[in-house]
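Notes for the one structure printed next.
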Amino acid sequence: MEINVTINGQPLTWQVNPGEILLDVLRREGYLSVKWGCGEGDCGACTILVDGQSMRSCLMLVGQIEGRTLTTVESLGTVGEPHPLQAAFVEHGAVQCGYCTPGMLLSAKALVDQGHVPTEDQVREALDGNLCRCTGYKKIIEAVLDAAERMNK
Ligand code: FES
Ligand code: FES
């Protein structure tokens, strides 16, 4: 069947089996920032934004995204012009192996796009579903708070 979706601002039509896992389709279509971690909804490595909400693509069937708007890290920024969250992650040393980073950035983006500086507890809650095996979370939380302050100045 055909699925119509807007991803990273680009309207697309994909030929899919409606029972396919969205994470598998995204990676097949070249969105390799979306990572396969646990495949069971536990790690957050597969996080994307669906209509601005942080969602785990390993728990969604592609048939669920008809007409919806998706965001992946491919649209966030570039090496020369990073998104404020990406810049803050680098400045705060919040990236080590990087496997969790795309999902972390998107969960953080859903929070900071609400247009106010969150509290530390709100950042912790927003990133609750994203696991990191490397950083110990402190630097990630500092980076999100710093980026949110810069974006809301
Ligand atoms: S791969 Fe989706 S939550 Fe782990
Ligand atoms: S930086 Fe390695 S899992 Fe988070």
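Along its principal axes, what span do the Cα atoms of segment 3-92 show, with the longest given first and each in whole Å?
42, 29, 21
Would you calculate the convex hull of the Cα atoms in segment 84-151 and tell me its volume per residue in Å³?
68 Å³
From the helices alone, meaning DSSP H stretches of at least four residues, give me the mean residue ellipticity at 222 nm for the chain, per-run term -39500 (n - 2.57), in deg cm²/dmol to the nearest 500.
About -9000 deg cm²/dmol.
Would you calculate the separation in nanometres between label points at Leu12 and Glu120, each defined as 7 Å from the Cα along the Cα-to-beta-carbon direction?
Modelled inter-label distance: 3.9 nm.
Sum up the charges of everything whose Cβ sits under 14 Å from the Cβ of His83, counting Lys and Arg as +1 and Asp and Glu as -1, but leave His83 out.
Spelling it out: positives minus negatives among the neighbours equals -3.
Whole number in Å², please: accessible area per residue of the chain, 1.4 Å probe, ligands, DNA and RNA not counted.
51 Å²
For segment 13-62, which whole-number percentage of the solvent-accessible area (1.4 Å probe, protein heavy atoms only) is attributable to carbon and sulfur atoms?
Carbon and sulfur atoms account for 49 percent of the accessible area of segment 13-62.
By how many nm would the segment from Lys138 to Gln53 lengthen if fully extended, with 0.36 nm per residue of separation less the alpha-carbon distance? Let's see the in-between values first.
Numbers: separation 85, 0.36 × 85 = 30.60 nm, distance 2.34 nm.
28.3 nm is the gain from fully extending Lys138 to Gln53.
Calculate, for Cys38 and Asn152, the FRET efficiency according to 1/(1 + (r/R0)^6) with r their C-beta to C-beta distance and R0 41 Å; round to the nearest 0.05.
0.75
When we measure straight from the Cα of Lys139, which aspartates and glutamates land under 18 angstrom away, once same-chain ones fewer than 8 places off are left out?
Leaving aside aspartates and glutamates fewer than 8 places away in the same chain, those within reach of Lys139 are Glu91, Glu120, Asp121, Glu125, Asp128, Glu149.
When each pair of different Cα atoms in the chain is counted once in the 1/r mean, what is the Kirkwood radius in angstroms, to one decimal?
Averaging 1/r across every pair of different Cα atoms and inverting gives 15.6 Å.
The values are calculated or read from the model by the stated rules, or taken from the named source; none is laboratory data. Small disclaimer: the values here were computed from a predicted structure and weren't measured. Glycine also receives a Cβ, built like all others from the backbone with ideal geometry; neighbour counts cover every protein chain displayed. Protein only, heavy atoms only, side chains kept; ligands, DNA and RNA dropped before computing areas. Shrake-Rupley method; radii C 1.70, N 1.55, O 1.52, S 1.80 Å.
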